[in-house]
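The values are calculated or read from the model by the stated rules, or taken from the named source; none is laboratory data. What you see is a predicted model; the values in this text were computed from it and never measured. Cβ placement follows ideal geometry from the backbone for every residue including glycine, while neighbour counts extend to all protein chains displayed. Note: accessible area is taken over every heavy atom of the protein model, side chains too, but ligands, DNA and RNA are not part of it. Shrake-Rupley method; radii C 1.70, N 1.55, O 1.52, S 1.80 Å.
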Amino acid sequence: MFAQTLQYSDIGLFVLRFAVGIIFIVHAIPKFKHPKDMALGIGISGMSFMIVLLGLVEMVSALYLIFGFYTQLGALLLSCVMVGAITIKITKWGVPFSTNDKMGWEFDLVLLAANIAILLVGGGSLGIQQ
């Protein structure tokens, strides 16, 4: 039905990786600003350096996606981050998939799926190709 739009698949992949990259940058910044608070929220008190390391992985990987440099590596690392986030939400916090009064882990699943898609098909031809 929309076969003519397939010629723009590289642009679609760019839009996807750009959006995912921006989301991870926004989520990485608080890990640098308030690592102790973030560590307590996850339940690993005294391990704020782990939060800073997680923020660094998110930031660098997000920049990889945005600029199209090592795109698949960035997507792989962010996929691992999301598997960890989903695991913590389900096993440690008991968060359901979705709720009316708070965020479940459905957003995390969408980010995981987006990163897996980028990992498997690449990020399109916009950006530096490696």
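Counting only Cα atoms, the chain measures 52, 32, 19 Å along its principal axes, largest extent leading. With protein chains left intact and a 1.4 Å probe, residues in the chain average 61 Å² of accessible area per residue.
Taking chymotrypsin sites (Phe, Trp or Tyr not before Pro) as candidate sites, keep only those in a DSSP loop with at most 13 other Cβ atoms within 10 Å, then name the longest stretch of the chain containing none of them.
Working: sites that count: 2, 93, 97.
Longest site-free region, per DSSP loop and neighbour criteria: 3-92.
Each listed q (0.12, 0.15, 0.23, 0.26 Å⁻¹) maps to a log10 I(q)/I(0) for region 1-72, found by the Debye formula over equal Cα scatterers with no solvent: -0.43, -0.57, -0.91, -1.02.
Tally up the carbon and sulfur contribution to the accessible surface of the chain as a whole percent, 1.4 Å probe, everything protein left in place. Spell out each step's value before the answer.
On the way: 5680 of 7870 Å².
Carbon-and-sulfur percentage of accessible area, whole number: 72.
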